[in-house]
Amino acid sequence: MNYLDFEKPIAELADQIEKQKQIAEKNKVDASQTILQLEDKLEQTRKEIYGNLTPWQRVQVSRHPDRPYTLAYINHITDGTFTELHGDRTVKDDKAMVGGFGSIDGRTVMFIGQQKGINLKMRQLRNFGMPNPEGYRKALRLMKLAEKFNKPIVTIIDTPGAFPGIEAEERGQGEAIARNLFEMTLLKVPVICIIIGEGASGGALGIGIGDRVLMLENTWYSVISPESCSSILWRSWDHKETAASALKLTPNDMLGNGLIDGIIKEPIGGAHTNQEETFCRVKKEILKNLTELDKLSSDARVIHRIEKFSNMGVVVE
Amino acid sequence: MSWFKRIRQGITTTTREKKETPEGLWYKCADCKHIAPAADNEANLWVCIKCGHHQRIGSEDYFSILFDEDEYQELFAKLKSGDPLSFTDTQPYKDRVESSMKKTKLKDAMKVAVGDIDGESVVVACMDFSFIGGSMGSVVGEKIARSIDYCIEHKLPLLIISKSGGARMMEAAYSLMQMAKTSAKLTQLSAAKLPFISLLTDPTTGGVTASFAMLGDLNISEPGALIGFAGPRVVKETIGKELPKGFQTSEFVLEHGFLDKIVERKDLKAFIAKMVRMLAK
Ligand SMILES: [Zn+2]
């Protein structure tokens, strides 16, 4: 288990529990009462800390090293039926973007999402979840495939941004994202987008145009990361906490401002503390929203999609 | 097809007052350092007489270059930025907007006008880099959305002239969603089969490149413009070495297949009118 700086009280209690267990075993004594009390205290502490997260702390939780990534969600939600499909048919297979069909309660769904790596080696292979243009083009190819066979699409968003490299520029990162925004608007099948970690800027939005855009409770979604915002506007990295607050990037802020459609609650202590439960909740939300979206004609869905995004923005006349 | 039909009736045209260039003012080319009288520089459409360097100019300058007799009607001129997040960094966003308005005499980073380009009626939405780095916030998004509605209503082609450092950070996710908004609206213009010409000028980066600027039926650019998704500084920091020469110039972007054509400023007016006519007939 990894702990974040503000989780220190939780870590200490977990440590105490572990020690009590060891002592009990070694000395063959019954410490169950003490352990139960400590566990109770740990739950309370967790509730307190997680009930009052600052925006910056929430950003930290969204990047928690133990947090589940896209493929973990897809594999659990599809009960192992997920079949990954590769390649953009033009340049290569982008490992930072995964996609394929999976079955969810007997229904075929196209899943697409950015994938972060689970260890150092995988992080490099996955390019830290930062897709190149071919990743966005693979995503679009798979969406079109789903549309052809009238299968709904679920995108899972978790990225620190689209990759800013030389090849990315050569192969038209801007065009690739722009094309997805345009084409996703017109998809005839239901589209649900779920932010499970980081929703950073155009790299997130590039698979983020949906009938329903949902955020897990401990995630963020904005035009820039708090760190980069701090470095540009304050010309120093020291204001990331202030920037995190100013950007109004939490699920509650985003929902309040009408920029997303819903929030999925996480288990207390974050998605990583009870992954099974988190996957169950996400699956339930997908099924619930699909049922609602099934009731609309494809034309109605497209019209609603255009209207929803067209209404975003605040101007004064 | 009738979108090229003149819609003169009901449009009151305004003539912009000619910029008074004080005598004795000189212009020094940022590229070759050639010094020329400001009046000559302007007469050459703000393109260096010696090396052809295309200088950054504003929306009114483009309008004067493109519209016949410098006549056009500005649309949605009253739109101003709200401050939906009460954003404050080193200064409140509200103050930043106020001082930008005072300094630039603009209301935001985009002006929209309708008028004739070599006899063809066109809606031109042009960004101003001088207003908070040409950043895209709600006003830019809304102006593009309304321009598209206007084009559909009056069956007119749309020209968007991009010049932007990217998103308006002080509008955070609202700014991000302008990418979604403008792209979604462009699907309607496309469904109406009305031409959309995207002119990317120096510089066009970030969220503007990753939305409407790259979605033209024709994507064109002026010579030597910086065009990219990530800014060159960010790319350089990422790869940790010097960038290749000519990286992210319009010539580079054309070579990699993302521009239809590079058009010199002096040829812009004729090119746009010609393409509008060709697409109509
Ligand atoms: Zn020069």
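The values are calculated or read from the model by the stated rules, or taken from the named source; none is laboratory data. Please read these numbers as outputs of a predicted model, since none were measured by experiment. Neighbour counts run over all protein chains shown; Cβ positions are idealised from the backbone, glycine included. For accessibility, only protein heavy atoms count, side chains too; no ligands or nucleic acids. Shrake-Rupley method; radii C 1.70, N 1.55, O 1.52, S 1.80 Å.
The set of residues in the range A:267-317 that are of a type in the set (Gly, Ala, Ser) and open to solvent by less than 20 Å² (accessible area, probe 1.4 Å) comprises A:GLY269, A:GLY270, A:ALA271. On inspection, B:LEU75 does not qualify as within 16 Å of the ligand (Cβ to nearest atom), closer than 26 Å to B:LEU158 by Cβ and touching a residue at least 60 places away in the same chain (Cβ under 8 Å). Residue pairs whose Cβ atoms lie under 7 Å apart, separated by 6 or more positions or on different chains, with the first residue in the range B:41-62 and of a type in the set (Gly, Ala, Ser) and the second away from the ligand (no atom under 14 Å from the Cβ) and in a loop (DSSP other than H, G, I, E, B), are B:GLY58/B:ASP128; B:GLY58/B:SER130; B:SER59/B:ASP128.
Within the option set A:SER236, A:SER245, A:SER225, being open to solvent by 10 Å² or more (accessible area, probe 1.4 Å), modelled with pLDDT under 95 and not hydrophobic (A, V, I, L, M, F, W, C) holds for one residue only, A:SER236.
Go through the range B:39-66 and give me each residue that's within 14 Å of the ligand (Cβ to nearest atom) and either among the β-branched types (Val, Ile, Thr) or open to solvent by 20 Å² or more (accessible area, probe 1.4 Å) (or both). Residues satisfying the conditions are B:ASP40, B:ASN44, B:LEU45, B:TRP46, B:VAL47, B:ILE49, B:LYS50, B:CYS51, B:GLY52, B:HIS53, B:ARG56.
Every listed requirement among (1) within 25 Å of A:SER228 (Cβ to Cβ); (2) open to solvent by 30 Å² or more (accessible area, probe 1.4 Å); (3) of a type outside the set (Val, Ile, Thr) is met by B:GLU251 save one, (1). Counting only helices (runs of 4 or more DSSP H) that sit wholly inside the range A:1-63, those with at least 2 residues that are more than 14 Å from A:ASN218 (Cα to Cα) and either touching a strand residue (DSSP E or B) at 6+ places or on another chain (Cβ under 7 Å) or of a type outside the set (Lys, Arg) (or both) are A:8-27, A:32-51. At least 3 residues being within 14 Å of chain B (Cβ to nearest Cβ) and surrounded by 18 or more Cβ atoms within 10 Å (Cβ to Cβ) is the threshold, and among the strands (runs of 3 or more DSSP E) wholly inside the range A:85-179 those reaching it are A:153-159. Scoring B:ALA36 on the criteria (1) within 16 Å of the ligand (Cβ to nearest atom); (2) modelled with pLDDT under 95; (3) open to solvent by 20 Å² or more (accessible area, probe 1.4 Å) leaves a single failure, condition (3). Does B:PHE63 count as under 18 Å from the mean Cα position of the chain (by Cα), assigned to a helix (DSSP H, G or I) and either outside the structural domain of B:THR209 (by TED's automatic domain parsing) or among the aromatic types (Phe, Trp, Tyr) (or both)? Yes: the conditions hold for B:PHE63.
Taking every residue in the range A:236-247 that is over 11 Å from B:ASP89 (Cβ atoms) and among the aromatic types (Phe, Trp, Tyr) and pairing it with any residue that is in a helix (DSSP H, G or I) and open to solvent by 10 Å² or more (accessible area, probe 1.4 Å), at least 6 positions away or on another chain, the pairs with Cβ-Cβ distances below 9 Å are A:TRP237/A:GLU227; A:TRP237/A:SER231.
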